[in-house]
1. How large is the Rg to Rh ratio of region 180-332 when both quantities use alpha carbon positions and Rh follows Kirkwood?
2. Rounded to the nearest 10 Å², what accessible area does LYS133 have for a 1.4 Å probe in the complete protein model?
3. Considering the dipole of region 304-419 built from charges on the beta carbon (Lys and Arg +1, Asp and Glu -1) around the Cα centre, which of VAL416, GLY339, VAL405 is farthest to its positive end?
4. Between SER86 and LEU143, what is the label-point separation in nm under the 7 Å Cα-to-beta-carbon projection?
5. For region 292-379, what does the equivalent ellipsoid look like in terms of its semi-axes, each the square root of 5 times an eigenvalue of the Cα gyration tensor, given largest first in whole Å?
6. Could you please state how large a percent of the accessible area of region 208-285 is carbon and sulfur, counting protein chains only and using a 1.4 Å probe?
7. Please list, in order, the residues from region 72-91 whose amide nitrogen is less than 16 Å from a point placed 7 Å along the Cα→Cβ vector of LEU388.
8. Heavy atoms only, probe 1.4 Å: what % of the accessible area of region 294-356 goes to carbon and sulfur, would you let me know?
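The values are calculated or read from the model by the stated rules, or taken from the named source; none is laboratory data. Only a predicted model underlies this, so the values are computations on that prediction, with no experimental measurement involved. Ideal geometry is used to build each Cβ from the backbone, glycine not excepted, and the neighbour counts take in all protein chains shown. Only protein heavy atoms, including side chains, enter the accessible area calculation; ligands, DNA and RNA are left aside. Shrake-Rupley method; radii C 1.70, N 1.55, O 1.52, S 1.80 Å.
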Amino acid sequence: MATTAAGSAAGDNNAELPPPPPPSASDKTGFLKTCFNGVNALSGIGLLSIPYAVSQGGWSSLAIFLAIAAICCYTGILLQRCMDASPLVATYPDVGALAFGRRGRLAVAAFMYLELYLVAVDFLILEGDNLHKLFPAAAGFRLGGLRVGAKQGFVLAATLAVLPTTWFSSLGVLAYVAAAGALASAVLIAAVVWVAAVDGVGFRERGRLVRWAGMPSAVSLYSFCFSGHAVFPMIYGGMKDRRRFPAVLLVCFAVSTLSYGFMGVAGYLMYGDAVMSQVTLNLPPGKASSKVAIYTTLVNPLTKYALVVAPVAEAVEAALGVRKSRLLRALVRTALVVGTAVVALAVPFFADVVALTGALLSCTATMLLPSLCYLRVRAKLGYKKPWLETAACVVIVAVGTAIVVLGTYSSVKQIVQRLK
């Protein structure tokens, strides 16, 4: 998912600078390492919400899940073709600039940064929910004249924990820690399956075939799972043999689709329509496997938060002209972190915020922008126009537009209803 892509997107924040120099031969990655980086970019907190997504749409929605995976894999190849069109294209905003000029660069960057910001908000909501699951007896407290509930207190505690990590100008160490995301995802899946197979929960629920009312939410959550396109240009540029990039995408999307699909099916069979927005919140308290799953869920966002916020922070710093002042940079990053905490406290609805991110931002970044940019680049350079390829892009734009409109409306409606 989007979470690991954030760290790699740090170089994409300044639209006015020339693209970074290509990696040296010693820095380029082989096929297996590139596959690992790609899987790491696609894996993330979507694993927690995928069972809930299946419960919202029913078993039949898994067909849409597979279709979205195939579409996102194909649009990744479209991004590769856009990069091949010019040696100056090194980042996702560069692709937008190649296709639509300065406005294209700004549009791509805006969607990318807003998506990263909302992912940071999702992290804090997730931390609050799961810490409250671990410590249900925790009491609230008063902060001045305000009454702070236990879950809100955990969100504030998580905010204080991640704040210092955002002040560093170099996030190299955190990048290495975040590279364990794929392993953490495997541990999470194994722990949840252990709860079902060994700790007695079982796979007894039958679920529903289809739930039309919840289908927009399901599709939005599915779109969120495959949002790794911000990092694809960097991964492609760092390959030793770029001709194998389509094969890398196939491997990465196959592994991610299997892991997401397995988690979704297992979680829905375990809890049926009672599954919560994060499957860890359903796990029985006191079990060692439950604690392993929850602790894995808690640690991952703490290590990745700074990587997610960094591209947004650097873009703001560049716009304000404060890059040379450590104090002012720290103040900018502190303000961004406080902003994410305010949003997380004001809208503490994990599934709805993730669905809004998936529908409005992830779907735009993974379906609409790659297809539109490719069609524009192809037309500008006078490439041959195979009708089947054009038809595929048009269909993807139509499908993506439907998801953006219906998913965004459904998510906003759910959030407004919960706030009443």
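1. 1.06
2. Accessible surface of LYS133 is approximately 50 Å².
3. Farthest towards the positive end: GLY339.
4. 4.6
5. Semi-axes (√(5λ), whole Å): 27, 24, 13.
6. About 70 percent, which is the carbon plus sulfur part of the accessible surface.
7. Under cut-off, by backbone N: 74.
8. Here it works out to 72 percent.
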